[in-house]
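The values are calculated or read from the model by the stated rules, or taken from the named source; none is laboratory data. Given the structure is predicted, the values throughout are model-derived calculations rather than measurements. Backbone-built Cβ (ideal geometry, glycine too); neighbour counts: all protein chains shown. The accessibility values were calculated without ligands, DNA or RNA, using every heavy atom of the protein model including side chains. Shrake-Rupley method; radii C 1.70, N 1.55, O 1.52, S 1.80 Å.
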Amino acid sequence: MKLLPFNFDRLESGDYFLSNMAGFHSFLAPKELHELIDFSNASCPSTSKHLQSSLFIAPEESADASVAAMASALARKLQLEFQFKPTFMIVPTLRCDHTCRYCQVSRAPKNGLNYDLAIDAIPNIIGAIKKLSSPPYKLEIQGGEPLIRFDLINRLYSEAEEQLGTDTFEFVIATSLSLLDENTLSWAKYRNVYFSTSLDGDAVIHNANRILHSDNSFQRVKWGVAQIQTELGADRVATVTTVTRELLKDPEALVAAHLEMGLYDLFVRPISPYGFANTNSAPSYSIPEYMQFYRHLFNCIKSHTREGETLIEHSAAIHIKRILNPGFSLYADLKSPSGLILNCLLFNYDGKVYGSDEARMLQRVLVGVDLSCGDINAMKLEDNTLYTNILGNTLNLLHPGCEQCAYQPFCGSDPCQSISVQGEPIGDKSFSLFCQYHKAMFRFLLNEFHNDAASHKLLKEWSHG
């Protein structure tokens, strides 16, 4: 028998997680790992059949064929990662009525000037989307607070119906819901429109970070969610939670707030270092602190599941899907090469086009560098030197610090975060918040999956959801 290349990591339980570059994985007890590494001088591991089928070991006479099979599996994996199927983001305005402490996009004041999309740019945007992709299309309306310019949202939807065709696209509005009204609800009722909103804990925690001077932000979210559920349907609204230092202390408050609003899907994430969230005044914490919070949150969700409430935390679901579901590559953050351009194109209010939402966030602070792909009328996606260079540096298989990591086949690369924090697209992985966060999530979830029956069942269900 011959050993094939693999990496491993010790889990909290003491068992080991193994992976190879093709994305196959296994769990071994310490004794089994020692047997595997030294099997030429000892008996083969008890799991040798599984290890052979997963290309961790190969008979001497067929070693070359096994290496070729691994290369073929890696090629297939990369082929899926390179697929061009972007979400098209459109920013009708950068203006916002909130002053959130962790705002990533460096919003503009509600009454600011020259922060809105020109209405005559809309046909060109939709026309570009039609040329670049094929149905089904996903259009995501970002801000600022998009509902400040509901007229532009309405025009974007009408133009999409005209050029792309009815029922060929999903239309998601990312909004605080502060400006949601009966007119917006009536408009959305018979259209393929969904809402995504922020919910950062109970009223005290949410309002401490999502500051709405003219009203109560939490109560506006609560009212808006209830109206959408009643008028449009329970599946028409989803939440995103940005974890702040205040929320670290009380994960149960986040679950309670969701259940209070009849929401059973959570999407939880740490603060990203963009915009106002990358300043000394932004609330900060370490990844170990975040994971301590997340462990409590996960256990809270498990407790509610035992009581019959079906809750899903989608960041965990995405991480576990990357490992258990070969070919799952729909989440841009966990893609190598990066999801820049391949998974996202953003049409900004000023006519510029960016390869990701993070790229336009970064542009707000790197004013001396053009991070765009040109403008709406003169996009340059092919032979774009900037993006070619950045994407060429996002194959984590070649990154120092990644090439020996057991989670490398399932992880991704975020060049914009590396540029934001370290000034270049690869960065030192030992200082990378991106690396620390995703490695900690993989390690925690796999330990739960492998060693706890209730967690195994729950994560298995999430991986198929």
Exercise for the section: Would you check if Phe88 is more than 30 Å from Leu199 (Cβ to Cβ) and of a type in the set (Phe, Trp, Tyr)? Expected result: no
Problem - Residue that is of a type in the set (Lys, Arg), part of a loop (DSSP other than H, G, I, E, B) and either in contact (Cβ under 8 Å) with a residue 40 or more places away in the chain or open to solvent by less than 20 Å² (accessible area, probe 1.4 Å) (or both), where the choices are Arg101, Arg149 - result: Arg101
Completion exercise
The one condition Gln404 fails out of (1) touching a helix residue (DSSP H, G or I) at 6+ places or on another chain (Cβ under 9 Å); (2) open to solvent by 20 Å² or more (accessible area, probe 1.4 Å); (3) closer than 22 Å to Gly23 by Cα; (4) of a type outside the set (Val, Ile, Thr) is (1)
Exercise for the section: Please verify whether the stretch 409-417 includes one or more residues that are of a type outside the set (D, E, K, R), more than 30 Å from Ile301 (Cα to Cα), in contact with a Cys (Cβ under 8 Å, 6 or more places away or on another chain) and not in a helix (DSSP H, G or I). Expected result: no
Handout entry: Hey, Leu459 within 16 Å of Phe328 (Cβ to Cβ), in contact with a strand residue (DSSP E or B) (Cβ under 6 Å, 6 or more places away or on another chain) and either open to solvent by 70 Å² or more (accessible area, probe 1.4 Å) or modelled with pLDDT of 95 or more (or both) or not
Key = no
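When you go through Phe17, Phe84, Phe8 one by one, which is the residue that is aromatic (Phe, Trp, Tyr), touching a residue at least 60 places away in the same chain (Cβ under 8 Å) and over 27 Å from Leu445 (Cα atoms)?
The match here is Phe84.
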Handout entry: Output for the stretch 140-172, where each listed residue is within 26 Å of the chain's Cα centre (by Cα) and among the polar types (S, T, N, Q)
Key = Gln142, Thr168
Practice task
Determine, yes or no, whether Leu366 is surrounded by fewer than 17 Cβ atoms within 10 Å (Cβ to Cβ), part of a loop (DSSP other than H, G, I, E, B) and touching a strand residue (DSSP E or B) at 6+ places or on another chain (Cβ under 6 Å).
Solution key: no
Fill in the blank from the handout: Taking the stretch 302-331 and keeping residues buried (at least 18 other Cβ atoms within 10 Å of the Cβ), aliphatic (A, V, I, L, M) and either more than 18 Å from the chain's Cα centre (by Cα) or not in a helix (DSSP H, G or I) (or both) leaves Leu311
Completion exercise
Among residues of the stretch 52-72 being surrounded by 17 or more Cβ atoms within 10 Å (Cβ to Cβ) and under 31 Å from the mean Cα position of the chain (by Cα), the residue nearest to Pro337 (Cα to Cα) is Met70
Completion exercise
Flagged in the stretch 418-443 as aromatic (Phe, Trp, Tyr) and either buried (at least 19 other Cβ atoms within 10 Å of the Cβ) or assigned to a loop (DSSP other than H, G, I, E, B) (or both), in numbering order, are Phe434, Tyr437, Phe442
Exercise for the section: Give the residue that is modelled with the lowest pLDDT, with candidates limited to residues of the stretch 1-15 that are closer than 19 Å to Cys402 by Cβ and open to solvent by 40 Å² or more (accessible area, probe 1.4 Å). Expected result: Pro5
Exercise for the section: Evaluate the following for Thr230: is it open to solvent by less than 10 Å² (accessible area, probe 1.4 Å) and either in a strand (DSSP E or B) or free of Cβ contacts under 8 Å to residues at least 24 places away in the same chain (or both)? Expected result: no
Fill in the blank from the handout: Scanning the stretch 77-97 for residues that are modelled with pLDDT under 90 and either open to solvent by less than 40 Å² (accessible area, probe 1.4 Å) or not in a loop (DSSP other than H, G, I, E, B) (or both) gives Lys77, Leu78, Gln79, Leu80, Glu81
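Residues are listed down the side, and each one gets a yes or a no for (1) more than 22 Å from Ser106 (Cβ to Cβ); (2) assigned to a helix (DSSP H, G or I); (3) in contact with a helix residue (DSSP H, G or I) (Cβ under 9 Å, 6 or more places away or on another chain); (4) open to solvent by 10 Å² or more (accessible area, probe 1.4 Å):
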| site | (1), (2), (3), (4) |
| --- | --- |
| Ala238 | yes, no, yes, yes |
| Thr242 | no, no, yes, no |
| Leu254 | yes, yes, yes, no |
| Gly262 | yes, no, yes, yes |
| Arg269 | no, no, yes, yes |
| Ser272 | no, no, yes, yes |
Exercise for the section: Using the structure shown, decide if Arg360 is over 20 Å from the mean Cα position of the chain (by Cα) and either touching a residue at least 12 places away in the same chain (Cβ under 8 Å) or buried (at least 20 other Cβ atoms within 10 Å of the Cβ) (or both). Expected result: no
Completion exercise
The correct count of residues that are surrounded by fewer than 21 Cβ atoms within 10 Å (Cβ to Cβ) and either part of a loop (DSSP other than H, G, I, E, B) or free of Cβ contacts under 8 Å to residues at least 40 places away in the same chain (or both) in the stretch 187-202 is 5
